[in-house]
Amino acid sequence: MYDVEEKRCHKVFKICKKYLIHYQKSIFRGNITPSNLVKLRSEIKKTIKKEKDTVAIIKMVSSNYYDEEVIGLRNDSYEDFFL
């Protein structure tokens, strides 16, 4: 999922669309190989402004456990949960 400034929104959308399935607005889902995950990260890092944009990669390890990786601005003021 991502939250980026309007001028970079379409670029980030296109990058994510190359590797994942568009689910809703700025949410993408799907299985991704480790090598494609490296490519996705690299392309995202080249595109966003780290001081203004946020991209979160949520890796589902099991049905009860996930790992979150944030690229760019990390907003720790929100609660850590999914609905």
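Bear in mind these aren't lab numbers, they're just calculated from the coordinates by the rules spelled out. Please read all numbers here as calculations on a predicted model, not as lab measurements. So basically every Cβ, Gly included, is an ideal-geometry build from the backbone, and we count neighbours across all protein chains shown.
Using the Cα centre of the chain as the reference point, and only Cβ charges (+1 on K/R, -1 on D/E), how large is the resulting charge dipole? Debye, rounded to the nearest 20.
That gives the chain a dipole magnitude of about 660 debye.
Cβ under 15 Å from residue 9's Cβ, residue 9 left aside: what net charge do those residues give with Lys, Arg +1 and Asp, Glu -1? Kindly include the intermediate steps, with their values, before the conclusion.
Values: positive: 7, 8, 11, 14, 17, 25, 49, 52; negative: 3, 5, 6, 43, 53.
So the surrounding residues net to +3.
For residue 4, list long-range residues whose amide hydrogen, built 1.01 Å from N in the peptide plane, is under 5 Å from its own amide hydrogen.
54
When the scattering of the chain is computed by the Debye formula from its Cα atoms alone, each counted once and equally, what is log10 I(q)/I(0) at q = 0.11, 0.26 Å⁻¹?
Cα-only, vacuum Debye calculation for the chain: -0.28, -1.55.
Ranked highest first by average number of other Cβ atoms within 10 Å, how do 59-67, 3-11 line up? Display every interim value, and only then the final one.
On the way: 59-67: 8.4, 3-11: 13.0.
Peptide ranking by packing, descending: 3-11, 59-67.
Considering only the other residues whose Cβ falls under 13 Å of the Cβ of residue 29, what net charge follows from Lys and Arg at +1 and Asp and Glu at -1?
+3
Can you tell me which of 47-58, 15-26 comes out highest on packing, and rank the rest after it, using the mean Cβ neighbours within 10 Å?
Highest mean packing first, the order is 47-58, 15-26.
Hey, for a label at residue 73 modelled as a point 7 Å past Cα toward Cβ, could you say which residues of the stretch 1-29 have their backbone N under 13 Å away?
3-8
Report relative contact order for the chain in percent, whole number only (criteria: Cα-Cα under 8 Å, sequence separation at least 6). Could the numbers behind the result be given before it?
Details: 89 pairs, mean separation 23.9, N = 83.
Value for the chain: 29 percent.
Enumerate lysine pairs in the chain that are 8 or more residues apart or on different chains, then count those whose Cα atoms are under 13 Å apart.
Within the chain, the lysine pair count is 9.
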